[in-house]
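S.K.: For reference, the structure I am asking about is given below.
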Amino acid sequence: MHTVQQAAGAHASAGREPVLETENLVKVYGRGESRFDALKGVTLQIQAGESVAIVGKSGSGKSTLMHLLALLDRPSAGVVAMDGRPVQDVSPAEVARLRNETFGFVFQQFFLNPAQTVLENTVLPLKISGVPRAERRERGMAVLERLELADKAGNKATDLSGGQKQRVCIARALVNRPTVLFADEPTGNLDSATSAAVEDILFGLHRDEGITLVVVTHDDDLAARCDRRLVMQDGMIVDETTTAGAQA
Ligand SMILES: Nc1ncnc2c1ncn2[C@@H]1O[C@H](COP(=O)(O)OP(=O)(O)OP(=O)(O)O)[C@@H](O)[C@H]1O
Ligand SMILES: [Mg+2]
């Protein structure tokens, strides 16, 4: 896909390359009577270092699309390519490795392990990658420090406020130094002051470290801070706007 891309695309985003692209992505849930076409042919590109908001009504397919982009689920038809490589050509073990090393995830439901401490929750991706314990601790504490949670490292994850839990999720998403950060309603459960703080963290990473951001949101202010906004309706992208000088 690279060559096609480069030939066709010495355009506006010259020098940039899609880190993720999809072609005619289809996702069907269920079958027969209960069949539901959640994605009906989505083609998009996400350039390295870009911030993209995915917006649209409840049920329009935003989370479904994000799960496919993040290689957490497989499409019914169509292609997802990462760095120009169609994912279906990559072995499942390699996909798992790529996902763990390249992507970070922040979901609205926190998915923190309540029995574990903040630090243990944070370093889970490092554990999966087989990073030794001492290094896990060091990197985990560094990222918690950055999110102003170092003093909570030893607390059980349940003993935190909503905003703090969301920051632990961000810490866990960052500990592997991902190049792409996916966030599904990262501020959905938070009050406006805490949302603003979480947003600042996400866009700070985008600006300072060139991390690619893909954010599903109902929040217009958050969407407006992104370089590009994709509007979904009934399983399709129906509108796309590029925000001039989006970075706050
Ligand atoms: N596992 C599933 N089985 C059957 N249908 C599903 C499944 N997951 C999602 N759907 C349906 O697919 C459609 C898209 O769901 P999706 O979660 O992508 O929506 P969304 O845009 O993220 O909505 P929200 O803003 O409410 O989170 C919905 O109609 C939903 O009911
Ligand atoms: Mg959703």
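Read the figures in this text as sums done on the coordinates, not as results from a lab. Because the structure is predicted, anything quoted here is derived from the model rather than measured. Backbone-built Cβ (ideal geometry, glycine too); neighbour counts: all protein chains shown.
S.K.: Distance between Cα centroids, the stretch 96-114 to the stretch 118-182: provide it in whole Å.
M.R.: Comparing the Cα centres of the stretch 96-114 and the stretch 118-182, I get a distance of 11 Å.
S.K.: Can I ask one more? Could you list which residues have their amide H under 5 Å from that of Leu25, counting only those 5 or more apart in sequence or on another chain, with H placed in the peptide plane?
M.R.: Gly41, Val42, Thr43, Val79
S.K.: Explain nothing, just the number: relative contact order of the stretch 15-241, from Cα pairs under 8 Å at least 6 residues apart, as a whole percent.
M.R.: Answer for the stretch 15-241 is 29 percent.
S.K.: Further question: Apply the Karplus curve 6.51 cos²θ - 1.76 cosθ + 1.60, θ = phi - 60°, to the phi angles in the stretch 188-204 and return the couplings in whole Hz, x for Gly and Pro.
M.R.: Each residue's phi maps through the Karplus curve to give x, 9, 10, 6, 5, 5, 5, 4, 4, 5, 5, 4, 4, 5, 4, 6, x Hz.
S.K.: What are the residues whose amide H is under 5 Å from the amide H of Val106, where those residues sit 5 or more places off or on another chain and H is modelled from the backbone?
M.R.: Phe182, Ala183, Asp184
S.K.: Helix 162-174 versus the longest principal axis of the chain: what angle, 0 to 90°, nearest 10, using Cα atoms?
M.R.: Helix 162-174 and the main axis of the chain meet at about 70 degrees.
S.K.: To check you understand DSSP bridge types, tell me what percent of the beta bridges within the chain (both residues inside) are antiparallel, rounded to 5.
M.R.: About 55 percent, rounded to the nearest 5.
S.K.: In terms of modelled amide H atoms, which long-range or inter-chain residues lie less than 5 Å from the amide H of Ser51?
M.R.: Leu213, Asp227, Arg228
S.K.: Another one. For the chain, give the magnitude of the charge dipole about the Cα centre (Cβ charges: +1 Lys/Arg, -1 Asp/Glu; no others), in debye to the nearest 20.
M.R.: 680 debye
S.K.: A further question on this structure: If you count, for each residue, the other Cβ atoms within 10 Å and average over each peptide, how do 188-197, 215-224, 35-44 line up from highest to lowest?
M.R.: Peptide ranking by packing, descending: 215-224, 35-44, 188-197.
S.K.: May I pose another question? Restricting to bridges with both residues inside the stretch 151-248, how much of the DSSP beta-bridge set is antiparallel, in percent to the nearest 5? Mind dumping the intermediate values first?
M.R.: Details: 6 of 11 bridges.
In the stretch 151-248, approximately 55 percent of DSSP beta bridges are antiparallel ones.
S.K.: Any idea what the alpha-carbon Rg over 2.2 N^0.38 Å comes to for the stretch 15-241?
M.R.: Here the Cα radius of gyration is 1.01 times the empirical estimate.
S.K.: Next up: Over the Cα atoms of the stretch 179-232, what radius of gyration and what Dmax do you get, in Å?
M.R.: Cα only, the stretch 179-232: 10.6, 29 Å (Rg, Dmax).
S.K.: Step through the table entries Lys62/Lys156; Lys57/Lys152; Lys62/Lys165; Lys40/Lys165, compare each Cα-Cα distance with 27 Å, and write down the pairs that go over it.
M.R.: Where the Cα-Cα span goes over 27 Å, the pairs concerned are Lys62/Lys156; Lys57/Lys152; Lys40/Lys165.
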